[in-house]
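Inspection log for the structure reproduced underneath, given as structure tokens.
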Amino acid sequence: MFSTRTIAIIGALVTGLATAAQAQEVDMGAPPAPAAGADEAFHKGTLGFAFPFTLVSNVAGSILGVATERVPTVDLVYFLSDKAAVDVIVGLNFHRQDVANAGGLPPSTTNLFGFAAGVGYRMYRSKNTLRSFIEPQVVLTWADTADSATFALTPGAALGLERNLTPWFSISGAVGGSLNFTNSFKEIQVATSANLTANLYWH
């Protein structure tokens with residue numbers, strides 16, 4: 001027969017093993033939360049704003065003419081996954097200006113209104129805090145709605161790099177090429193472009 005002390009020791013061991021097994025089961029059922037890092041923003045459902053602060057392009061003066069103002073644009077980026085995002089491109093330009101008249105007449109005031117709208121599909125590859133991407137896109141631009149010759153259709157593609165400075169702020173640069181159809185599609189031009197952009201994200 002077992003003594004009372006032996007039974008107590010066995011009971012304590014059984015209780016300890018049961019407690020350890022239960023704790024292990026709880027740990028296995030709840031996977032650890034992923035650590036926050038530089039790619040924290042690059043997930044499905046993240047919304048971003050991209051603001052270009054430098055633009056170098058041979059499109060500006062040659063396609064729409066030197067006297068025609070370029071429509072500035074911003075990008076609204078929505079992530080479908082950590083490797084793909086939809087890029088909605090929008091822009092408006094309103095300029096009230098005085099135009100000199102011939103014959104010494106006083107200048108007349110005119111209003112210039114232009115807009116741009118487009119969409120792109122951005123595909124990412126990542127390595128630590130540096131991400132590369134390629135983005136085919138198409139943009140409709142009407143620099144002056146009073147002049148049909150300034151309407152342009154621009155399909156193109158860009159290759160870029162994006163570097164996070166914080167989990168929710170990054171700097172990106174891209175170079176690309178495009179076909180530009182202008183002047184009621186009577187003129188066609190092949191052009192290159194480059195841009196540098198500040199990006200803000202939130203989820």
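The values are calculated or read from the model by the stated rules, or taken from the named source; none is laboratory data. Only a predicted model underlies this, so the values are computations on that prediction, with no experimental measurement involved. Heads up, the Cβs are rebuilt from the backbone with ideal geometry, glycines too, and the neighbour counts pull from every protein chain shown. All accessible areas refer to the heavy atoms of the entire protein, side chains included, with ligands and DNA or RNA removed. Shrake-Rupley method; radii C 1.70, N 1.55, O 1.52, S 1.80 Å.
Taken together, the residues in region 79-109 that are open to solvent by 40 Å² or more (accessible area, probe 1.4 Å), closer than 30 Å to Val138 by Cα and either part of a strand (DSSP E or B) or charged (D, E, K, R) (or both) amount to 9. Examine region 179-188 for a residue that is touching a strand residue (DSSP E or B) at 6+ places or on another chain (Cβ under 8 Å), in contact (Cβ under 8 Å) with a residue 60 or more places away in the chain and under 19 Å from Ile89 (Cβ atoms), and state whether such a residue exists. The answer is yes, given that some residue of region 179-188 is touching a strand residue (DSSP E or B) at 6+ places or on another chain (Cβ under 8 Å), in contact (Cβ under 8 Å) with a residue 60 or more places away in the chain and under 19 Å from Ile89 (Cβ atoms). Ala194 satisfies every condition listed in (1) in a strand (DSSP E or B); (2) open to solvent by 20 Å² or more (accessible area, probe 1.4 Å); (3) free of Cβ contacts under 8 Å to residues at least 60 places away in the same chain except (3).
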